[in-house]
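S.K.: First the structure, then my questions, so here it is.
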Amino acid sequence: MNDADIDADATDRMLLQRMAAGDRVALGILYRGYHGRLCRFLSRLTRRPDVIEEVINDCFWIAWQKAGNFHGDSRVSTWLMGIAYRCGLKALRQHGDEPVEESNLPELRTPAHDLDDDRELRDWLGKGLERLSADQRVVVELVYGVGHSLDEVAVIMQCPVGTVKARLFHARVKLRNVLPALAGEAPLHKENAP
């Protein structure tokens, strides 16, 4: 963790302490700070914007209720991602993963700090990620998109580090083969992943 991550986590811990004392302003600050990250993360779990918003709200409701129980065994971001992941799995069991009619949904907010303006590259990568299992997409997003360590991902997903490594390995193998095919080129390696 670099100095910026340490400072951000210290701020998040202070916000959690304020939330535990009933400070709604602290909840709003934490919500705004994590909304974009959680949207991106959960978009790897489901294609339904309505479910993503529901999961984010559920996540922060739980964080509000459990703020006083946070012991500091991990970063606050790891703790919140874990809550969001479990809420996301629960929502998928209830609602499924099939997208609903886009015109009936409110506009999904995207973070203001998204600097990647290359839509074609994002679409290409998005199509490749769609070919992965939900668990593989989540691991890829947590490691490469959010920047969590493998140990932190294991905490978030409540599984052994070896399972996280295996999911990441199989995701890389699949992407290594799928992305060139999506670009109209021959795959580089034969896929050994299930």
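S.K.: Among all residue pairs at least 6 apart or on different chains, which show Cβ distances below 7 Å where the first residue, located in segment 37-66, is within 26 Å of Leu132 (Cβ to Cβ) and the second is open to solvent by less than 60 Å² (accessible area, probe 1.4 Å) and of a type in the set (Asp, Glu)?
M.R.: From residues that are within 26 Å of Leu132 (Cβ to Cβ), the pairs are Arg40/Glu141; Phe41/Glu141; Arg44/Glu141; Thr46/Asp97; Arg47/Asp97; Arg48/Asp97.
S.K.: Are any of the residues in segment 16-31 in contact with a Gly (Cβ under 9 Å, 6 or more places away or on another chain) and without any contact (Cβ under 8 Å) to a residue 40 or more places away in the chain?
M.R.: There is at least one residue in segment 16-31 that is in contact with a Gly (Cβ under 9 Å, 6 or more places away or on another chain) and without any contact (Cβ under 8 Å) to a residue 40 or more places away in the chain.
Conditions tested, residue by residue: (1) of a type in the set (Asp, Glu); (2) out of contact with any Phe, Trp or Tyr (no Cβ under 6 Å at 6 or more places or on another chain).
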site: Leu16; (1), (2): no, no
site: Arg44; (1), (2): no, yes
site: Arg47; (1), (2): no, yes
site: Val55; (1), (2): no, yes
site: Asp58; (1), (2): yes, yes
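S.K.: Can you find, within segment 136-194, the residue that is modelled with the lowest pLDDT among those that are closer than 20 Å to Cys39 by Cα and not in a helix (DSSP H, G or I)?
M.R.: Taking the candidates together, the pick is Gly147.
The values are calculated or read from the model by the stated rules, or taken from the named source; none is laboratory data. Since we're looking at a predicted model, the values are computed, not measured. Cβ: placed from backbone, ideal geometry, glycine included. Neighbour counts: every protein chain shown. Keep in mind that these areas ignore ligands, DNA and RNA; they rest on the heavy atoms of the full protein, side chains included. Shrake-Rupley method; radii C 1.70, N 1.55, O 1.52, S 1.80 Å.
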